[in-house]
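Taken together, the values in this text are just the output of simple stated rules run on the coordinates, not laboratory data. Keep in mind it's a predicted model, so treat the numbers as computed, not measured. Note: ideal-geometry Cβ built from the backbone for every residue, glycine included; neighbour counts use all protein chains shown.
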Amino acid sequence: MATGTPLKILFIASECTPFAKTGGLGDVVAGLAKALRADGHDARVLLPLYSFIDRHQFGLRLIGSHCIHMGAKIEHWIGLYEGQLGGTVPVWFVEYESYFGRIGLYDGPHGHYQDNSFRYAMLSKAALQICKDRDWIPDVMHVHDWPSALAAVFLKTWDRIASPLSNTASVLTIHNIGYQGVYPADVFSYIGIGDDHFHPERMEDHGRINLLKAGISYADAITTVSPTHAGEILMPEGGMGLAPFLNNRRADFFGILNGVDYTEWDPATDKLIPANYTPGNLAGKAACKATLQQQMRLEVRPDLPVFGVVSRFAPQKGFNLIRDALPPAINHMALQVVALGTGDPDTESFFRWLEQTHPGRAACHIGFSNELSHLIEAGSDFFLMPSLYEPCGLNQMYSLKYGTLPIVRATGGLEDSVQNYNEATGAGTGFKFIAPDANALRNTIGWAVSTWFDRPHHIAQLRRQAMAQDFSWEKSAAQYVQVYQHALDKKRGAAV
Ligand code: ADP
Ligand code: GLC
C-alpha cells in the first residue's frame, strides 16, 4: 500500500548503482527508487547511457528515439534504452554518443570534461521531452545535485504553461554542496531561457552559471541528506556561498537522513564476502578479517585491531587529518590500517608510502573495487571517517551493520547516525570527536585502541549495539513522499 496516493516519480540523475557510481549518490538514487516502488509508487530513473555501462550484461534494449530541442535552435536526436533496477524499477538511458560515449562520468584522463554543463543540460531537457513523447507524465521530477538541477528550471520555463508537464512538481536533493556545477556562461544560450533568468538571485554566479543555485531557486522543494547537515548549510560557512539562497527557500527545505539498501549491505546475506555472520555469531567476521589480512598482505593477527578506510580521496573526507594522525598512531600503537580509494594524488601517495614503510601493518589498494569495499567493511574492526563535512555518509552506516565501529568527526550525517561511546556504561555505537584537527583524530584512534585491549567486553557490547541499528530506506522514503506532497501542493497551488 502506498503512503498516501500512489505517485509517479521520475528520478533524473548522473549516477545509479549498479550502472554508474562514483560515490554515495549512486547508492541513494537506487535505494530510494527501490523503496518508493516497494511502497506502491511508480518510481523510474533516467540516466545517461555512459559507454562503460554494459548493455548486454544489464539487458538494456532500445525503445525509441527522441528529438531534444535546446536553445539557439540546436536539436539532438537521442536513442532511448530501457533496463531495470532490482527487478522492479524501470530505468531509462539516454544514448548520445558525443556527450556520454566517454570513459568517465565527469572526468577523463585530462581532468574535468569542459562541456559538462552542456552534457547535463541536454540530459535534463531530454527528461522532459521523453516524458511528453511517451505520454508518461510524472507528478514529481526528483533531481539530484547539479547535474540534473536544470530539469527544475525547465519545468518553470519551457514547460511552465500549456504543457502536459505544467502540473509536474520538482524536488532537488543536495547530496553535496561542495560541487555546485559552476561553468562559463556560454551554456546559457544553449539552455535557451530568457535573459532575465541569468540573474544573481537565480542562477548567475560572478558572471558564470551555477547549476546547483539554479536548482535551489527553481525547485518546488529542496532536501539535503541529513537533518544536521540541513542546519549546517543554512549557515555561511556550511553553505559554501549558497546559504542566503537556501535561507530564502527555508519553508521548502528539509533534511532527510539517507537509508541503507540492506539487500546489498548486510553481513548475514552479503555474497561478496568470504563468510556471512550475524550479531549472534561473529565467527564469520573473524574469518573475513583473516581473509582481508591475507589478501592485503597484512600479518594475520586476530589480536590486532584493523582500521579500515573506503573513500573517494577528496579533501571533504578529512585526509589532511589522516595524513598527520596515522603515522604517529601506527608507530606508537598496536594496530593495522587498510585503505581503499582513489582521487587526490597526495592522499594516494601517502597510503602507498604508509604501506611501504610499514609492511604487514599498513596496506592500500588505489582504485575502485566494490568487492574489496565489502571485504573491508566486514573484515575491519574500526572504520575511519574523520570528514571535515559530510552531508550524510553511507560508509559509517554500512560499518555499523557489519559490526565495524566507526570513528567519525561529529558533523552532518555522521553526527546523526553514530552515537558516541560512553566509557562508564558501554553505551554507544562508535567513537566521535569534534575538532577538525589531527590531534583530535589521533587521540580518538588511541581511545579506540585502548578500548580494544583494555575493555574488550565494551567492544563486544558496542558491536551488538551498532549491528542493531536500522537505517533501512522505508522510513526515509516515507519522509520523501511527504516532501513530494509538499512540492505538489506548492506547484498546483501556485499554478492557479
Ligand atoms: P560520498 O558519496 O561522499 O563519496 P558516501 O559515504 O555517501 O560518500 O558513499 C560512498 C560510497 O562509495 C560507498 O558505497 C562506498 O563504498 C563507495 N566507494 C567510495 N570509494 C570507493 C572505492 N574506491 N571503491 C569502491 N567503493 C567505493
Ligand atoms: C554525497 C555526500 C555523502 C552522501 C552522498 C549520498 O556525495 O558526500 O555524504 O552520503 O552524497 O547522499
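Phi angles of region 91-107 translate, via the Karplus equation with coefficients 6.51, -1.76, 1.60 and θ = phi - 60°, into HN-Hα couplings of 10, 9, 10, 8, 9, 8, 3, 6, 9, 10, x, 10, 6, x, 7, 10, 9 Hz per residue; Gly and Pro are given as x. Of all lysines in the structure, the ones whose alpha carbon falls short of 25 Å from that of Lys73, not counting any fewer than 8 places away in one chain, are Lys125, Lys132, Lys156.
Packing-wise, with mean Cβ within 10 Å as the measure, how do 41-47, 182-188, 252-258, 109-115 rank, highest first?
Packing proxy ranking, top to bottom: 41-47, 252-258, 182-188, 109-115.
Shape analysis of the chain yields a ratio of the Cα radius of gyration to the Kirkwood radius, Rg/Rh, of 0.98. Residues Met385, Met240 in ascending order of nearby Cβ atoms (within 10 Å, fewest first): Met240, Met385.
Sorting the segments 199-205, 9-15 by their residues' average number of neighbouring beta-carbon atoms within 10 angstrom, most packed first, yields 9-15, 199-205. Other residues with beta-carbon under 12 Å from the beta-carbon of Leu388 carry, at +1 per Lys or Arg and -1 per Asp or Glu, a net charge of -2. Based on Cα contacts under 8 Å between residues 6+ apart, region 283-467 shows a relative contact order of 22 percent. Considering only alpha-carbon pairs that sit under 8 angstrom and 6 or more positions apart, the relative contact order computed for the chain is 13 percent. Its residue count N fixes a reference of 2.2 N^0.38 Å for region 381-464, and the Cα radius of gyration divided by that reference is 0.98. Note on region 1-70: Cα Rg divided by 2.2 N^0.38 Å, N the number of residues, gives 1.25. Rounded to the nearest 500, the 222 nm mean residue ellipticity of the chain from helices alone is -11500 deg cm²/dmol, with -39,500 (n - 2.57) taken per DSSP H run of at least 4 residues. A straight Cα-to-Cα reach below 13 Å connects Lys432 with the aspartates and glutamates Glu415, Asp416, Glu423, residues fewer than 8 places away in its own chain not being considered. Rounded to two decimals, the Cα-based Rg/Rh of region 283-467, with Kirkwood Rh, is 0.92. The H on the amide N of Gly71, modeled in the peptide plane, is under 5 Å from the matching H of Ile191, Gly192, each at least 5 residues off or on a different chain. Here Tyr398, Tyr81 are placed in order of increasing Cβ neighbour count within 10 Å, fewest first, which gives Tyr81, Tyr398. Would you mind checking the pairs Lys34/Lys271; Lys8/Lys491; Lys401/Lys475; Lys213/Lys475; Lys8/Lys490; Lys271/Lys475 and listing those with alpha carbons more than 22 angstrom apart? Distance filter (> 22 Å) returns Lys213/Lys475; Lys271/Lys475.
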